[in-house]
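Enquirer: Below are the structure tokens for one structure; questions will follow.
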Amino acid sequence: MKLMNKFILSFGLGVFFLSTSPFSSIVTEAACIVEPGDFEKGCHFFLSAPSCPSGYKRVKYGDCGCRWGVCTKSYYRCEGVPRCCGGWTGGSACDVPICEDGCNAGECVLPGICECPEGYDGKSCEIAPPPSVDELTVMTLNFACRDTFPFSGCDNCQTRFDLLRKAILGDADFEGLPDLDLVDVILAQELGTEKENFEQISSALKDRGFQYTTGDPAPTADDSICSDPLVFDSDDKDAGSSISGLNSGGLVTWSKFPIVGTHAQNWCAHTFPLPAGYLSTLLDVGNGRAIAVINLHAMPEYDLQIEAEDVRAYQFGELSGFAGELSNLFHDSNTPFSVILGGDFNEDIYSRNSLSANPGCGSITSDLVEQKFGSVGLHIRDACTSNKIGNPTWDPTRNDLAGRFSESGTHQVLDFLIQHSSSHAGNGPENVVSVLKSKTPWSGQFCEGYLDVPSSGTASALSDHNVVTATFQLPQGTSTSNMDDALATYKNAINSWINGNLVDNAACGQEGSGCGTDSDCCSKEHSWTSSGQYCNNLYQCEPCRELHGSCGPQIEGSMCCGYNDYKSDRGTHCEIVGNLGAICIRKFVDGTSCLWDEECRSKRCIWKGLSRQCAPP
């Protein structure tokens, strides 16, 4: 029997409900009698007799206070049909609590209070636990809403968002949007500043089963992370600020799975308040597994045709470091995890020297681009040749909205989806690229160039970026911990990342920048130039030596000589070689030609035929 603020006593008259008021309520089969204090001394003047509960009538049923034949007081009772206290039912026992909205899979234990089964949540236990899933389908879409001057006259946000809402709700007049019944997470960028535009998109996605979290990584004056950890040169400071990114609405992540943790990180390298950064979201997909999804909006690789590679390198370094910190702590806590990184990288993977209509993988000629993507887990050349990165996501030949802002008709792959996982996650998923557009062209005002006068025209595409979708295999098995433990680990990773020196370390690697006391911070994974860098005796980063050049003060085995990945045949490192001392050499794989053992990863260089080759030990 469930009781709240009442006691049940059995008397000869029936069942007594003693309230917390100064009066006692006695419920019998015929009446509710209200008395002050002692039941045996309920003799009152009429005006001082206790009041009856609402719905009961006070009646006199006998005289008292009699003296010399004169009775000045009376006994009173409350007449009416017996009833239960508010919030209770159950016949004369009144032992069944009432929950007006029901409890779904749970049980009503007190009036208005549900007890939910494990995994369920909500006032009425209406939030069911997520099913245990083996894969996650993620979609990234840059909404391209730049609704502030000088672009507000030609971004057509209001028109496009109304069409986007219809596409999300399944209107047949649109194509290129994946089946949202099969999509679990949407990573969105540049949703503009108008509340009404966002609300109609959010409402449409809510109807499709999505909830959202948002981050606005525009820097603020009191944000300690906004202190520039790099010594950027003045040219990059001035020219490396993308005015096209101003106030573009930050980042929003929608998910069909419960969102249990969120972290938004600013990038504050430039003078303009760019809404560029990343939004990390922890999802509950069941079985205690931790799924962290990082939604990215990077600053452009090129600004007004001027390259700002130190900024780009810093961003990739920070992404790599943050994803690594999450991975390390989840691994240490024995939590199965996936870290999925996606969004608008703003990184043109193709060579800037190639302006072909449809550049192929051979146009990826920048070693620095390869190195940066390798730091976040994407081997860009292999991904391109195997078609894992999909078609260009900036394609003026297929996307007429991109065509209005195209630079000499170039194609670019700006948007990606990448995964890190604690277990074998199957083959790397293909990034499927599609153009979201209306079958019926829509009218608007367009800028042929960023600062040109708008002119009337029509278009079909709803964003200048194409949609990217990928399905990831999630780690298998059940965690020995629960989501509360996973959330605690997630928060620890964020606190460690923000409050420690990890952000600064990720930024290290720029020539001339300080490297503190970490002698490795300008080499290994933090080296961003093709020649590599190291921390000298003055704690400044300076270039490492070229292949076969002297390693300087670097220790044997350090990777200060060029490419930071000496596990590949392109990598080099510092080695003590006989009378030559410490020089930079390349670590070759088995079967490749060599001159001495130290060149081989196997440490064995032998004669095979007429040449020396690396061979297994």
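Enquirer: Taking the Cα-to-Cβ direction at Arg604 and at Ile98 and moving 7 Å from each Cα, how far apart do the two end points lie in nm?
Expert: 8.5
Enquirer: Please give the peptides 483-491, 414-422, 138-146, 289-297 ranked by average Cβ packing (other Cβ atoms within 10 Å per residue), highest first, as a rough proxy for protection.
Expert: Put in order of decreasing packing, that is 289-297, 138-146, 414-422, 483-491.
Enquirer: Sticking with this one: Could you pull out every residue, at least 5 positions away or on a different chain, whose amide H is within less than 5 Å of the one on Asn142? Hs are placed 1.01 Å off N in the peptide plane, and Pro or chain starts have none.
Expert: For Asn142, whose amide H was placed from the backbone, the distant partners under 5 Å are Gln189.
Enquirer: Right, something else. For Ser51 and Thr471, calculate 0.36 nm times their separation in residues minus their Cα-Cα distance, and state this gained length in nm to one decimal.
Expert: Net length gain for the segment: 144.3 nm.
Enquirer: Give me, ordered by chain and number, the residues 5 or more places off Glu135 or on other chains with an amide H under 5 Å from its own placed amide H.
Expert: Close amide H contacts, sequence-distant or interchain: Leu474.
Enquirer: I've got another one for you. Packing-wise, with mean Cβ within 10 Å as the measure, how do 179-191, 52-64, 109-121 rank, highest first?
Expert: 179-191, 109-121, 52-64
Enquirer: Something else about it: Subtracting the Cα-Cα distance from 0.36 nm times the residue separation, let me have the gained length for Val453 to Asp207 in nm, one decimal.
Expert: Working: separation 246, 0.36 × 246 = 88.56 nm, distance 3.85 nm.
Full-extension gain reported as 84.7 nm.
Enquirer: Less than 11 Å Cβ to Cβ from Leu401, Lys/Arg counted +1 and Asp/Glu -1: what total charge do the surrounding residues give?
Expert: With Lys, Arg at +1 and Asp, Glu at -1, the neighbours total 0.
Enquirer: On full extension of the chain, what length is gained from Leu580 through Asp162, given 0.36 nm per residue of separation minus the C-alpha to C-alpha distance? Kindly include the intermediate steps, with their values, before the conclusion.
Expert: Details: separation 418, 0.36 × 418 = 150.48 nm, distance 6.99 nm.
That works out to 143.5 nm of additional length.
Enquirer: Which entries of Lys372/Lys439; Lys57/Lys123; Lys206/Lys439 show an alpha-carbon separation above 31 angstrom in the structure shown? Write out the running numbers ahead of the final one.
Expert: Details: Lys372/Lys439 38 Å; Lys57/Lys123 37 Å; Lys206/Lys439 25 Å.
Cα-Cα > 31 Å for Lys372/Lys439; Lys57/Lys123; rest within.
Enquirer: Tell me which residues come under 5 Å, amide H to amide H, from Arg208 once H is placed; ignore anything under 5 positions away on its chain.
Expert: none
Enquirer: Modelled label-to-label distance, Ala488 and Asn328, 7 Å Cα→beta-carbon offset: nm?
Expert: 2.1
Quick note: the coordinates plus some simple rules give every number you see, no bench work behind them. None of the values given here were measured: they were computed from a predicted structure. When we count neighbours, we look across all protein chains shown, and the Cβ atoms used for this are built from the backbone with ideal geometry, even at glycine.
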